[in-house]
Amino acid sequence: MTISHHLDDATLVAYASGNLPEAHGIVVEAHVAMCQACRAGLRQAEGVGGAVLADQMEAPVSDVCRSATLASLDAVLVQSPRAKTSQGEVPLVLSRLLNGKPLADLAWKKKAPGFSMFNIPTSKGSKTQLKLLSIKPGAAIPEHGHGGEEITLILKGAYRDHMGLYQAGDVADLDEDVEHTPIVVGEEVCICLVAVEAPTRFKSIWARLAQPFVGI
Ligand SMILES: [Zn+2]
């Protein structure tokens, strides 16, 4: 697998210091499980994350509090994806969330011809959403911005936008002000894992995505 598009350093540091929202953390884990470069980046980020935490602890805290916090950071790092592998066609972290079901067997909801979606439940009260998108070759996604930090991992197939070609393993780690017009290319259906922050904006993005199909 050749991976050309990686996670931002800022995203790796946020993940390593436990400051990434739930859904985004899952996409980071899934990419890192597939990507040696980002595994190395995460190791560095863990050092930076530890330093950030130490800074935050400049305020007087008891030794007990300090060691409890560091222990909980260790627990996060032990669970970090370095040790994880993939299971079948998807990274292990995702396979667990799907109860081991193959992508083809999921209860996909058809949103428009050529476009289906599957919601992966996150914790109660989570302000982020995790979705699988399935888009047929040739489908163009209208230009859109993002209602917040959005991370997309390509699991199968490929799409192209002004940033280049995104294939299995690539990740689009986009700020909210980035606008793009991805087009699914090749013969294969493109399946992506997407973490988004703002549910209402997300709905509007996919309503716009559906426009060419349903004429709204
Ligand atoms: Zn990477």
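May I ask which of Lys110/Lys131; Lys127/Lys156; Lys131/Lys156 have a Cα-Cα span longer than 18 Å here?
Details: Lys110/Lys131 13 Å; Lys127/Lys156 27 Å; Lys131/Lys156 14 Å.
Check vs 18 Å cut-off fails for Lys127/Lys156.
How much length is gained if the chain between Met1 and Gln44 is pulled fully straight, taking 0.36 nm per residue apart and subtracting their Cα-Cα distance, in nm to one decimal? Don't jump to the answer; show the numbers that get you there.
Details: separation 43, 0.36 × 43 = 15.48 nm, distance 2.31 nm.
Using 0.36 nm per residue and subtracting the Cα-Cα distance, I get 13.2 nm.
Could you sort 6-13, 41-48 so that the peptide with the highest average Cβ count within 10 Å comes first and the rest follow in order? Mind showing how you got there, number by number?
Numbers: 6-13: 19.2, 41-48: 17.4.
Answer by packing, highest mean first, reads 6-13, 41-48.
How many nm is it between the label spots at Val185 and Met163, if each spot is 7 Å from the Cα in line with the beta carbon?
1.5
Measure off 7 Å from each Cα along the Cα-to-Cβ vector at Ala104 and Asp8, then give the distance between these two points in nanometres to one decimal.
Output for this residue pair reads 3.8 nm.
Since every read-out is calculated from the coordinates, none of them should be taken as a lab result. Note that this is a predicted model, so its numbers are computed, not measured. Every residue, glycine as well, gets a Cβ built from its backbone with ideal geometry; the counts of neighbours run over all protein chains shown.
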